[in-house]
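Enquirer: Just dropping this structure here.
The values are calculated or read from the model by the stated rules, or taken from the named source; none is laboratory data. From a predicted model like this one, the values you see are computed outputs, not experimental measurements. All Cβ positions, glycine included, derive from the backbone under ideal geometry; neighbour counts span all protein chains shown. Areas reflect the complete protein model, heavy atoms only, side chains present, ligands, DNA and RNA absent. Shrake-Rupley method; radii C 1.70, N 1.55, O 1.52, S 1.80 Å.
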Amino acid sequence: MSEKKQLNVGKIPFLNSVPYFELLKECGFEGELIEGVPAQLNGLLRIGHIDASLSSSIEYALNWQDYMVFPELSISSVGEVKSVLLFSSKDIDNLSGQTVYLTEESDTSVYLLRIILEIFLKQTNINYVVPDEPIEDFINNGETGLLIGDRALRKAKGCINDTHFYDLGELWMQATGLPFVYALWMIRKESLDQDPEAFNQLYHQLVAARKKMLNNVTAYTVKAAEARGMEVERVHEYWQTIDYRLEKDHIEGLRLFYQLCTELGVIKEKGEINFFHPWK
């Protein structure tokens, strides 16, 4: 009998990912969790340093031949998401010819922003810049910048002067009527071939961990709020906002996102969404 593979699994440290990871080991996971922001985990998954990860949905489209997707699991929004925000002192439909500062933490959110600005709102000649300095500094000086995750949540609370913020999940829903999928649970085909049962177990552990925490979310809200210096009410409201499903409408939204990315020239082809089929 071959030895069971120990999985290296990518872990996003953002508040929206907590339901997948808080109780994962309690639900039987014995592998190693490798922490990183989405863009970092995308790279580690791509080169095979991790076997599976909650990763940016655009990473799947860019390298779909190498991956499979766990069904029913995602980080999505149906309308506002609260943590993928464009901050600006200008109206969002008046950004042609302007500079927009981008976070280097996320790939999917950057392309979602470009779709909204360039395709939906017909903005042109935008200069996109990933700065070395914190984007919050540019926003505080009246510039336009994209933040994601916990940083976006904090900045939304502390907006100053005439800065507005635009929720990209809400803008996507207004334009398409569909959920937006920010992250998928992706597994490397090469790793899957080595030990399919290990990934089957991981899938069921993730489902169990998510269900157990979300069914008793109040008990974990205080802990998460204290760890991040946030109000308990804001954490609870945020977890109610994030959609952790991956159903028919989500997949339709995902396919539309990929189609629009081909129009931007980000990806050459939409590819197939290949699902892992778990068993008991």
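Enquirer: Nearest 5 percent is fine: what portion of the DSSP beta bridges confined to the chain is antiparallel? It would help to have the intermediate numbers written out before the result.
Expert: Details: 21 of 33 bridges.
Approximately 65 percent, going by the DSSP bridge assignments.
Enquirer: At 0.36 nm per residue, and after removing the present C-alpha to C-alpha distance, how many nm does the segment from residue 33 to residue 90 gain when stretched out fully?
Expert: Values: separation 57, 0.36 × 57 = 20.52 nm, distance 4.08 nm.
So the extension gain works out to 16.4 nm.
Enquirer: Residue by residue, what Karplus-based ³J(HN,Hα) values in Hz, rounded to whole numbers, does segment 60-69 have, using 6.51, -1.76 and 1.60 with θ = phi - 60° and x for Gly and Pro?
Expert: 5, 5, 6, 9, 5, 5, 9, 10, 10, 10
Enquirer: Hey, could you grab the Kirkwood Rh for segment 134-276? Inverse mean 1/r over distinct alpha carbon pairs, Å, one decimal.
Expert: Details: mean 1/r = 0.0542 Å⁻¹.
Kirkwood hydrodynamic radius for segment 134-276: 18.5 Å.
Enquirer: Here's another thing I want to ask about it. List the residues, sorted by chain then number, that are 5 or more residues from residue 144 or on another chain and whose placed amide H is less than 5 Å from its amide H.
Expert: So residue 144 has HN proximity to 101.
Enquirer: For the chain, report the convex hull volume of the alpha-carbon atoms normalised per residue, in Å³, without decimals.
Expert: Values: hull volume 35.4 nm³, N = 280.
Taking only Cα atoms, the chain has a hull volume of 126 Å³ per residue.
Enquirer: Rounded to the nearest 500 deg cm²/dmol, what is the calculated helix-only ellipticity per residue at 222 nm for the chain, with -39500 (n - 2.57) per DSSP H run of length n ≥ 4?
Expert: On the way: 12 runs with 115 residues, N = 280.
Per the formula, -12000 deg cm²/dmol.
Enquirer: Follow-up question, since we're still on this one. Using a probe of 1.4 angstrom, how much of the accessible area of segment 161-271 is carbon and sulfur, in percent?
Expert: On the way: 2500 of 5450 Å².
Percent of accessible area from carbon and sulfur atoms in segment 161-271: 46.
Enquirer: In debye, nearest 20, what is the charge dipole magnitude of segment 1-119 about its Cα centre with +1 on Lys and Arg Cβ and -1 on Asp and Glu Cβ, if you could check? Please list the in-between numbers first.
Expert: Working: 8 positive and 17 negative charges, 10 e Å.
About 40 debye.
Enquirer: Roughly speaking, what is the stretch gain from residue 280 to residue 174, that is 0.36 nm per residue apart minus the C-alpha to C-alpha distance, in nm to one decimal? Could you put the intermediate results ahead of the total?
Expert: Working: separation 106, 0.36 × 106 = 38.16 nm, distance 3.91 nm.
Result for the pair: 34.3 nm of gain on full extension.
Enquirer: What does the extension gain come out to for residue 233 and residue 262, with contour length at 0.36 nm per residue minus their alpha carbon separation? Please report the intermediate quantities before stating the final value.
Expert: On the way: separation 29, 0.36 × 29 = 10.44 nm, distance 3.96 nm.
Extending this stretch completely gives an extra 6.5 nm.
Enquirer: Of the cross-linked pairs 4/189; 5/82; 248/280; 223/280; 25/157, which ones have a Cα-Cα span greater than 27 Å in the structure shown?
Expert: Details: 4/189 17 Å; 5/82 38 Å; 248/280 23 Å; 223/280 33 Å; 25/157 33 Å.
Pairs exceeding 27 Å: 5/82; 223/280; 25/157.
Enquirer: Under 16 Å from a point placed 7 Å out from the Cα of residue 157 along the Cα-to-Cβ direction: which residues of segment 54-96 have their backbone N that close?
Expert: The answer is 82-84.
Enquirer: If you don't mind, another one. State the Cα centre-to-centre distance between segment 218-234 and segment 39-96 in whole Å.
Expert: So the two Cα centres are separated by 24 Å.
Enquirer: Here's a follow-up. Please compute the Kirkwood hydrodynamic radius over segment 57-111, one decimal place, Å, based on all pairs of different Cα atoms.
Expert: Values: mean 1/r = 0.0703 Å⁻¹.
Kirkwood radius, segment 57-111: 14.2 Å.
Enquirer: Hey, how many Å between the Cα centroid of segment 186-208 and the Cα centroid of segment 236-250?
Expert: 23 Å
Enquirer: To the nearest 10 degrees, how steeply does helix 248-264 sit against the main Cα axis of the chain, on a 0 to 90 scale?
Expert: 60 degrees
Enquirer: Give the accessible surface of the chain per residue, rounded to a whole number of Å², with probe radius 1.4 Å and ligands, DNA and RNA excluded. Write out the running numbers ahead of the final one.
Expert: Working: 12680 Å² over 280 residues.
Counting only protein heavy atoms, the per-residue value for the chain is 45 Å².
Enquirer: For segment 43-121, which whole percent of the accessible surface, found with a 1.4 angstrom probe, sits on carbon and sulfur atoms? Mind dumping the intermediate values first?
Expert: Values: 1010 of 2450 Å².
For segment 43-121, the apolar C and S fraction of the accessible surface comes to 41 percent.
Enquirer: From the phi angles alone, apply the Karplus equation (6.51, -1.76, 1.60; θ = phi - 60°) to segment 16-27 and give each ³J(HN,Hα) in whole Hz, x where the residue is Gly or Pro.
Expert: Residue by residue, segment 16-27 yields 5, 8, 3, x, 7, 10, 4, 10, 5, 5, 4, 8 Hz.
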